[in-house]
Amino acid sequence: MKLYSYWRSSAAYRVRIALNLKGLDYEVLPVHLLKQGGEQHQTEYRSINPQGLIPTLVDGDISLGQSLAILEYLETRYPEPALYPQAINERAFVQQFALVVACDIHPLNNLRVLKYLKRTLQQDDEARNAWYHHWVKTGFTALEQLLNERNWQGPYCLDGQVTSADACLIPQIYNARRFEIPMDDFPSLAKIEEACMELEAFRRAAPENQVDANT
């Protein structure tokens, strides 16, 4: 199994967490998002992933992009340990939580959006940081409310079970801290982060522990 990854890609980070939680062996193939105009745009990588986005998982003759599609695939093909609960209401909650991150927070703040704000719309660092902070805080506020409404007990998003919701949340918190967004207003999310980072699967997936870290 091969994972085309970039150490700071939060989407790739999600998949690394899932692979580690399921105890699967995989080879990381770094794709640098900045060097040479971005290696993800080169013909060789485009032949693997037509979107030119990270990550891509190759498992035998199956090649998949889009991190949430990869998580669903891993759950179906390698069901144990489960990253999705069996109860329909709990599964829907986990999916909702993950989608808030993957569809409503992350797409507005990823590298290509920030580049567009800077290069095409000519926004300065202050404006881009304000944009980033606004959308992360909006999403995190919603996630805190979701937890409160279901009488969250912890330590993970779905209380005692580690799920794909945690795999999506932790990379987003990592990015929030990179951009100096304080977590004081999001105490439940901060507690989930603390609990998850006690697990080897999350620590091993962390950006600073990747083969291409700081390159």
* To do: Report, ordered by the first and then the second residue, all pairs with beta carbons closer than 8 Å, sequence separation of six or more or different chains, a first member in the stretch 7-32 that is in contact (Cβ under 8 Å) with a residue 60 or more places away in the chain, and a second member that is outside any loop (DSSP other than H, G, I, E, B) and of a type in the set (Asp, Glu).
  => Trp7/Glu208; Ile17/Asp166; Asn20/Glu200; His32/Glu39
* Structure fact -> Scanning the stretch 72-84 for residues that are open to solvent by 20 Å² or more (accessible area, probe 1.4 Å) and not in a helix (DSSP H, G or I) gives Tyr78, Pro79, Glu80, Pro81, Ala82
* Applying the selection to the stretch 50-63, what residues are touching a Phe, Trp or Tyr at 6+ places or on another chain (Cβ under 9 Å) and either open to solvent by less than 10 Å² (accessible area, probe 1.4 Å) or among the hydrophobic types (A, V, I, L, M, F, W, C) (or both)? -> Gly52, Ile54, Pro55, Thr56, Leu57, Val58, Ile62
* **Odd one out for Arg46, checked against (1) of a type in the set (Lys, Arg); (2) surrounded by 13 or more Cβ atoms within 10 Å (Cβ to Cβ); (3) under 25 Å from Val211 (Cβ atoms)** => (2)
* Structure fact -> Sole miss for Val94 among (1) within 28 Å of Val162 (Cβ to Cβ); (2) modelled with pLDDT under 95 is condition (2)
* Asked: Any chance the stretch 56-69 includes a residue that's at positive phi and in contact with a Pro (Cβ under 9 Å, 6 or more places away or on another chain)?
  -> yes
* Scanning the stretch 118-174 for residues that are within 17 Å of Leu199 (Cβ to Cβ) and without any contact (Cβ under 8 Å) to a residue 24 or more places away in the chain, which turns out surrounded by the fewest Cβ atoms within 10 Å (Cβ to Cβ)? -> Gly160
* Asked: From the residues in the stretch 200-215 that are open to solvent by 30 Å² or more (accessible area, probe 1.4 Å) and either in contact with a helix residue (DSSP H, G or I) (Cβ under 8 Å, 6 or more places away or on another chain) or of a type in the set (S, T, N, Q) (or both), which one is modelled with the lowest pLDDT?
  -> Thr215
* Say whether the condition of being in a helix (DSSP H, G or I) and among the hydrophobic types (A, V, I, L, M, F, W, C) is met by at least one residue in the stretch 28-48. => no
* Residue that is nearest to Leu19 (Cα to Cα) [pool: residues in the stretch 164-199 that are of a type in the set (Asp, Glu) and under 17 Å from the mean Cα position of the chain (by Cα)] -> Asp166
* Limited to the stretch 85-113, what total is found for residues that are open to solvent by less than 50 Å² (accessible area, probe 1.4 Å), more than 20 Å from Leu189 (Cβ to Cβ) and within 17 Å of the chain's Cα centre (by Cα)? -> 1
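The values are calculated or read from the model by the stated rules, or taken from the named source; none is laboratory data. Just so it is clear, the model here is predicted, and its values are computed rather than measured. Note that we place each Cβ from the backbone using ideal geometry, even for glycine, and neighbour counts take in every protein chain shown. Calculation scope for accessible area: heavy atoms of the full protein, side chains included, ligands and nucleic acids excluded. Shrake-Rupley method; radii C 1.70, N 1.55, O 1.52, S 1.80 Å.
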